[in-house]
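Accompanying notes for the structure given below.
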Amino acid sequence: MQWKEPTFGDTSVIKVLAAANARRKADEYDYEEEQKEQNLTYPDWAKEWVKKYKEAWYIAEASGDIIAMQKAKKLADALRDKLRQMTTLPEWAQQQMQKQTLRWMEANEVGNVRVMRFASETEQGIIDKLKMIENMKEKWPDDAKALNDLTAKWYYVDDNEFIPYEDREKYASPESAKAEYTKQAQEIIAKLEKPKQEKPKQEEKKEANKEANKEPNKVANEPAQGTGNSDGKVYAVAATTSGEHRGGLTQEQMEANARYIYKYFSGWSKEAISALLGNMQWESGSINPGAWQYWNQTGKGCGYGLVQWTPAGNKILNWAGLDAEGANKMAQNDPKQLMDKQLEFLLINLNLTGSKEERKNYGGEWIPTTKYSSPYKMTVSEFTNSHNDVGELAMVFHGSFERSGDAPGSKALTKRVEYANKWYDFFRK
């Protein structure tokens, strides 16, 4: 019998000790010196997050997880960049950017992609308002100041639910004040709008010919060949993965959908998204939100969509307010809307978004387990942030969410792993 040196993985005790040591290092770190080097002053709300990212970096360093170290550094650098940007903004914009930055960081911590997207979109709206005000300054400086003041007042009322002192006698309620601020702002903004010019006759003629040459719509309850939206980034086809109505997306269309999903779940690790895509490709045949298990069948044992929600009628279609015909029409005419509905519903299933009622009716679908060929138990948060082996994560998603009855080593399982690795390589390019 040959003697082997014992090996030890990361036991719970080791993890606790590593976390405690990382916390100590983060507490002892010289943040005053860092602020001098960065030429920044950290406000109180940001100090906690800088420290949190420093702690995450030390934990990753202790386990040699380079990717997690890079992620922690990237988050800290992004926060510092945001703080620099805020110093150049008017007070109202600083307050709103702070609010959305906190919202994004808190959502990122738990993998809530929907809230992250909302925060990013709201931030962009603030930036767009500031650009508009800046563009007005040269030609209409008084209007630019008025628009800035109205915007500041609107946000003040929205945040505090009461009217600024100087306007309290003018308006009966916070809502009426906001409505009036909005009206006045729109009147000012109208000055920026350029008058619409008539299109040249030749251009109108070209457009008329283009409309006349369009293909007529296909019957909604027949399998289509796949139609993309106007920007060609999202595709769906109403079809089954086998049998009489068999159909699917082209490789190019499938890759476009994968890119869209990758961006949608941008707060997740690359490994987790690739694991998700591997399962979606196997379940729907080609990452096709319009995929039916059995043509137009929504009852018991009948799946539909990217992850083949079963039974379709009680799950995704019921939540989306669609019947089979409505789903097929949406796949043909508005694949992006169908895609967005399914991705949002998946987040509700994972308890990462949704109202209390939605979570009660459709949440709790993620069940950590070592059954169904899952190599280990993981919570949703652990999965979405994991940098573990992609193939293993594909099986974790299968076991915790899909829970199919496929036997270990079967094609149905090995293909999920194969596809997940393929998508991981695809997004590494």
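The values are calculated or read from the model by the stated rules, or taken from the named source; none is laboratory data. These figures come from a predicted structure and were not determined experimentally. Because the Cβ atoms are built from the backbone with ideal geometry, glycine has one as well, and the counts that use them run over all protein chains shown.
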Restricting segment 121-141 to residues that are surrounded by 15 or more Cβ atoms within 10 Å (Cβ to Cβ) and not basic (Lys, Arg), which is farthest from GLU344 (Cα to Cα)? TRP140
Please go through segment 1-44 and give me each residue that is part of a loop (DSSP other than H, G, I, E, B), within 34 Å of the chain's Cα centre (by Cα), over 19 Å from MET86 (Cβ atoms) and at pLDDT 70 or above, ordered by number. TYR29
Within segment 350-362, residues being touching a helix residue (DSSP H, G or I) at 6+ places or on another chain (Cβ under 6 Å) and on the phi < 0 side of the Ramachandran plot number 4
Would a scan of segment 350-361 turn up a residue that is of a type in the set (Val, Ile, Thr), more than 22 Å from PRO289 (Cα to Cα) and either modelled with pLDDT under 95 or assigned to a helix (DSSP H, G or I) (or both)? no
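Please enumerate the residues belonging to segment 97-108 that are more than 20 Å from LEU147 (Cβ to Cβ) and crowded, with 16+ Cβ neighbours inside 10 Å.
At the first step, the residues of segment 97-108 found to be more than 20 Å from LEU147 (Cβ to Cβ) are 98-108.
Passing the criteria: GLN98, LYS99, GLN100, THR101, ARG103, TRP104, MET105, ALA107, ASN108.
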Test MET105 against the stated conditions and say whether it is closer than 16 Å to LEU347 by Cβ and in a helix (DSSP H, G or I). no
State whether one or more residues within segment 281-299 are in contact with a His (Cβ under 7 Å, 6 or more places away or on another chain), surrounded by fewer than 24 Cβ atoms within 10 Å (Cβ to Cβ), modelled with pLDDT under 95 and assigned to a loop (DSSP other than H, G, I, E, B). yes
Is at least one residue of segment 316-333 in contact (Cβ under 8 Å) with a residue 40 or more places away in the chain, assigned to a loop (DSSP other than H, G, I, E, B) and on the phi < 0 side of the Ramachandran plot? no
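The rows are residues; the columns are (1) out of contact with any Phe, Trp or Tyr (no Cβ under 8 Å at 6 or more places or on another chain); (2) within 21 Å of TRP268 (Cβ to Cβ).
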{"residue": "GLY321", "(1), (2)": "yes, no"}
{"residue": "GLY326", "(1), (2)": "yes, no"}
{"residue": "ALA331", "(1), (2)": "yes, no"}
{"residue": "PHE345", "(1), (2)": "no, yes"}
{"residue": "GLY354", "(1), (2)": "no, yes"}
{"residue": "TYR362", "(1), (2)": "no, yes"}
{"residue": "THR370", "(1), (2)": "no, no"}
{"residue": "MET378", "(1), (2)": "yes, yes"}
{"residue": "ASN388", "(1), (2)": "yes, yes"}
Please name all residue pairs, on different chains or six or more residues apart, with Cβ atoms under 9 Å, provided the first residue is in segment 380-408 and is at positive phi and the second residue is not acidic (Asp, Glu). ARG403/ILE367; ARG403/THR369; ARG403/LYS371; ARG403/TYR372
Quick check on segment 50-96: of everything there that is of a type in the set (Asp, Glu) and assigned to a helix (DSSP H, G or I), which residue is surrounded by the most Cβ atoms within 10 Å (Cβ to Cβ)? GLU55
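For every residue, the table says whether it meets (1) within 24 Å of ALA258 (Cβ to Cβ); (2) in contact with a Gly (Cβ under 6 Å, 6 or more places away or on another chain); (3) buried (at least 21 other Cβ atoms within 10 Å of the Cβ).
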position: ASN318; (1), (2), (3): no, no, no
position: LEU338; (1), (2), (3): yes, no, yes
position: PHE345; (1), (2), (3): yes, no, yes
position: GLY354; (1), (2), (3): no, no, no
position: GLU365; (1), (2), (3): yes, no, no
position: GLU382; (1), (2), (3): yes, no, no
position: PHE397; (1), (2), (3): yes, no, yes
position: ALA407; (1), (2), (3): no, no, no
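For residues that are among the polar types (S, T, N, Q) and modelled with pLDDT under 50, scanning just segment 218-255, find the one that is farthest from GLY285 (Cα to Cα). Can you show your working first?
Initial filter on segment 218-255 (among the polar types (S, T, N, Q)): 221, 225, 227, 229-230, 240-242, 250-251, 253.
Now restrict to residues that are modelled with pLDDT under 50: 221, 225, 227, 229-230.
Details: ASN221: 19, GLN225: 14, THR227: 16, ASN229: 20, SER230: 24 Å.
It comes out as SER230.
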Among residues belonging to segment 145-185 that are in a helix (DSSP H, G or I), free of Cβ contacts under 8 Å to residues at least 24 places away in the same chain and basic (Lys, Arg), point out the one that is farthest from PRO90 (Cα to Cα). LYS183
